[in-house]
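Student: Structure in structure tokens, see below.
The values are calculated or read from the model by the stated rules, or taken from the named source; none is laboratory data. These figures come from a predicted structure and were not determined experimentally. Here the Cβ positions follow ideal geometry from the backbone for every residue, glycine too, while neighbour counts run over all protein chains shown.
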Amino acid sequence: MNPRYPSIDLLAKRAKQRLPGFAYDYLSGGCMSEVNLERNTRDIRAVELKPVYLRDYKGASQKTTLFGREYASPFGIAPVGLQGLMWPKSCEMLARTAKEQNIPFVLSTVTTASIETVSEITGGDFWFQLYHPAEDSLRDKILQRAAEAGCKTLVLLADTPTFGYRPKEIKSGLSVPPKMTLSNIIQMCFHPTWSFSQLFAGIPQFQTLKPYIPPGLSMKHLGLFMNKTFSGRLNESRIRTIRDMWKGNLVVKGIVNPEDAERAISLGIDGLIASNHGGRQLDQGQATIKSIAELARTCKGRIKLMMDSGIRSGSDVAVAFASGAEFTFLGRAPMFGVCAMGSQGGNQVVEILQKELQQVMEQLGCEKLEDLPKHLA
């Protein structure tokens, strides 16, 4: 571990120094007034845990089995769109980190590395998150590529039925279609390391979607194409069709209430991820720590329950498990790592989270992750 950045918060501060403002705002920002963004972590931190000291203790294990696969730690790298915009080749860096650290990596449909590239890096050991296309033929082509690349777990995104209203992105020109403002150009000039790295890596592109995008589109027409191509609203019919097609594990991400969970379970899915898209979609939405607790009361034992949004430390991971989660994912934290430290940043984040979680479990006197609910205060 690099002792200069022993926490996710310090990595975030360093990332802010290294990135142009528009790139950092895209990474760190939420929708509207960012109420939900702040609530996610605040409500996790409001949960209290109680230690048990006077007992025999054999030590803590972080190993976790998920869909028949044993992972080194109970957290994975969540899907993030346009990763290469924030730091060049960051998607590839984090896929490599996940492979080396034996944790799951989830590839987004709209990020900057292709299905095939990530498959090569991970040896086919990756998850894929699908933004549902408007046309079934495009859906089928993408799913076929994911299956042929070795992907065993498909994640269907439920929490983006519409584009989030994000004032920071609109102001900086990172709306759809994107635009380069004078302010952005000035910011790039003041961050030459980022700018030259981008120049060397090439303009970030939607690599998985590249075969389906007509060549030579202007930024404006690319935005119109993306709007037309994707219809984010998930429904029972779409899930049922994909369940019949997909032979691997099927997970729905963005579920935050028992009613949707019951519908999804009835369609034969294998897992749910309680998520509010990191506070980027509904500003008055509930914090996911509350959502996972409610889902655990009605669904635990019937389906695999996972959680993301707001998790920034090993303590947060422990609280998520204590509240009913059986696995967790982080999106911004690994990105802060690579934006702060380049290719070593992913490993730095994993080591921080592992050390923090280990200390919490040892302090509580908790040997197994599944026993963390017993330590809720």
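Student: Here are THR97, THR41: which of them is under 30 Å from GLU116 (Cα atoms), in contact with a helix residue (DSSP H, G or I) (Cβ under 9 Å, 6 or more places away or on another chain) and among the β-branched types (Val, Ile, Thr)?
Tutor: THR97
Student: Which of the following residues is touching a residue at least 40 places away in the same chain (Cβ under 8 Å), surrounded by 15 or more Cβ atoms within 10 Å (Cβ to Cβ) and aliphatic (A, V, I, L, M): ALA134, ALA149, ALA201?
Tutor: Residue meeting the stated conditions: ALA201.
Student: How about the stretch 118-142: which of its residues are of a type in the set (D, E, K, R) and assigned to a helix (DSSP H, G or I)?
Tutor: Within the stretch 118-142, GLU120, ASP136, ARG139, ASP140, LYS141 qualify.
Student: When you scan the stretch 79-117, how many residues do you find that are buried (at least 21 other Cβ atoms within 10 Å of the Cβ), touching a Phe, Trp or Tyr at 6+ places or on another chain (Cβ under 9 Å), aliphatic (A, V, I, L, M) and part of a loop (DSSP other than H, G, I, E, B)?
Tutor: Residues in the stretch 79-117 being buried (at least 21 other Cβ atoms within 10 Å of the Cβ), touching a Phe, Trp or Tyr at 6+ places or on another chain (Cβ under 9 Å), aliphatic (A, V, I, L, M) and part of a loop (DSSP other than H, G, I, E, B): 1 in total.
Student: Please specify each residue of the stretch 168-196 satisfying the condition of being surrounded by 13 or more Cβ atoms within 10 Å (Cβ to Cβ) and modelled with pLDDT of 80 or more.
Tutor: Hits for the stretch 168-196 are LYS168, GLU169, LYS171, SER172, SER183, GLN187, MET188, HIS191, TRP194, SER195.
This table checks each residue for (1) among the small types (Gly, Ala, Ser); (2) closer than 19 Å to ARG39 by Cβ; (3) in contact (Cβ under 8 Å) with a residue 24 or more places away in the chain.
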| residue | (1), (2), (3) |
| --- | --- |
| LEU234 | no, no, yes |
| GLY248 | yes, no, yes |
| VAL256 | no, yes, yes |
| ILE269 | no, no, yes |
| HIS277 | no, yes, yes |
| LEU282 | no, yes, yes |
| CYS299 | no, no, yes |
| ARG302 | no, no, yes |
| MET307 | no, yes, yes |
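Student: Could you list all residues from the stretch 284-295 that are without any contact (Cβ under 8 Å) to a residue 60 or more places away in the chain and not polar (S, T, N, Q)?
Tutor: Matches in the stretch 284-295: ILE292, ALA293, GLU294, LEU295.
Student: Further question on the same structure: In this structure, is GLY76 surrounded by 19 or more Cβ atoms within 10 Å (Cβ to Cβ), in a strand (DSSP E or B) and out of contact with any His (no Cβ under 8 Å at 6 or more places or on another chain)?
Tutor: yes
Student: Grab the helices (runs of 4 or more DSSP H) fully contained in the stretch 253-335, keeping just those with 3 or more residues being buried (at least 24 other Cβ atoms within 10 Å of the Cβ).
Tutor: 288-299, 314-322
Student: Mind checking which residues of the stretch 203-216 are assigned to a loop (DSSP other than H, G, I, E, B) and closer than 19 Å to VAL80 by Cα?
Tutor: ILE203, PRO204, GLN205, PHE206, GLN207, THR208, LEU209
Student: Right, next: Would you confirm, using the coordinates I've provided, whether ILE121 is crowded, with 18+ Cβ neighbours inside 10 Å and without any contact (Cβ under 8 Å) to a residue 60 or more places away in the chain?
Tutor: yes
Student: Among the residues of the stretch 103-157, which ones are modelled with pLDDT of 95 or more, farther than 19 Å from GLY248 by Cα and of a type in the set (A, V, I, L, M, F, W, C)?
Tutor: Correct list: ALA113, ILE121.
Student: Kindly evaluate SER343 against the criterion of being in contact with a His (Cβ under 9 Å, 6 or more places away or on another chain) and under 29 Å from ALA201 (Cβ atoms).
Tutor: No; evaluated as a whole, the condition is false for this residue.
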